Amino acid sequence: MATRLPFTGVFEVITVYLQKGTLWKSGIHQGIDLRSTNKKVYSICNGIVERAGYDNGGFGNYVRIKEDGTENRIYLAHLDKIYVKVGERVTYTTVVGLMGNTGNSTTPHTHVEIREFKNGVAVKKLNPANYMGIPNKKGTYNSKDYQIPNTNANYAANKAYSGVSIVEALQEINIDSSYENRKRIAILNGINNYTGTASQNTLLLNLVKNGKLKV
Ligand SMILES: [Zn+2]
């Protein structure tokens, strides 16, 4: 089990997503701020580190991670220390750094921000509270209440595929499409009685077309 949260144990939401205020250039808080007495900051997704360093724009020490199977970029900012390097693969259980007070920050915390990219460019901000599964509300929470299965699952995506065959869709992205492997993948995605029926295959196909197929 794992979580999509940057902290384990008890943590606080101290500034919500879309809070208004003069601290931010845009007048609106574009992420969510969390703090915990456990200073280890975990990756909140499976993915690849794209940036790891100091940002003058306000993030201070931060990491940017590209999430597997989507175009989402996850930002974890104001870190004290960074423990990962660009190009490194991370999972929900990877400690990427320590909570800190660098950049545009007045108290130690971790700013979590999610941007959806298209063709290498950020097109919109996503609600990080929704992503993490917590309320977008100030308060004290415990990570044990927000567990998710499949800690190390990777997600496969074939968004360009327009056909109707799961076998073909998997082959196009170099994933073993044999019955045995499809059965294994089906179980990972919650289909425990996979026999290769049309409706089961359509379900898997829709997941891979949306970049949500656990493999
Ligand atoms: Zn913030």
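Values in this text are rule-based calculations from the coordinates and carry no lab data. Being a predicted model, the structure only gives us computed values, none of them experimental. We place every Cβ from the backbone using ideal geometry, glycine too, and count neighbours over all the protein chains shown.
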Completion exercise
Scoring the range 2-148 by relative contact order with C-alpha pairs under 8 Å, at least six apart, yields a percentage of 30
Exercise for the section: Report, as a whole number in µm² per second, the diffusion coefficient that Stokes-Einstein gives for the range 155-214 at 25 °C and 0.890 mPa s using the Kirkwood radius over alpha carbon pairs. Expected result: 222
Handout entry: Segment Lys124-Ser162, length gained on full extension (0.36 nm per residue, minus Cα span)
Key = 11.2 nm
Fill in the blank from the handout: For the chain, the longest principal axis of the Cα atoms and the Cα long axis of helix 179-188 enclose an angle in degrees, to the nearest 10, of 30
Completion exercise
Computed, not fitted: 222 nm per-residue ellipticity of the chain from DSSP H runs ≥ 4 (each -39500 (n - 2.57)), nearest 500, equal to -4500 deg cm²/dmol
Fill in the blank from the handout: The simple spin-label model distance between Glu50 and Thr195, using points 7 Å out along Cα→Cβ, in nm, is 4.4
Exercise for the section: Sort 164-171, 40-47, 23-30 for me by packing, meaning the mean count of neighbouring Cβ atoms within 10 Å per residue, highest on top. Expected result: 40-47, 164-171, 23-30
Handout entry: Pairwise label distance in nanometres, Thr22 with Lys40, each label 7 Å out on the Cα-Cβ vector
Key = 4.1
Fill in the blank from the handout: With R₀ set to 41 angstrom, the calculated FRET efficiency between the beta-carbons of Lys183 and Val86, to the nearest 0.05, is 0.65
Practice task
Have a look at Thr22, Thr140, Thr102 and tell me which one the Gaussian network model of the chain (Cα, springs below 10 Å) gives the largest fluctuation.
Solution key: Thr22
Practice task
Over the alpha-carbon set of the chain, divide Rg by the Kirkwood Rh and report the Rg/Rh ratio to two decimals.
Solution key: 1.02
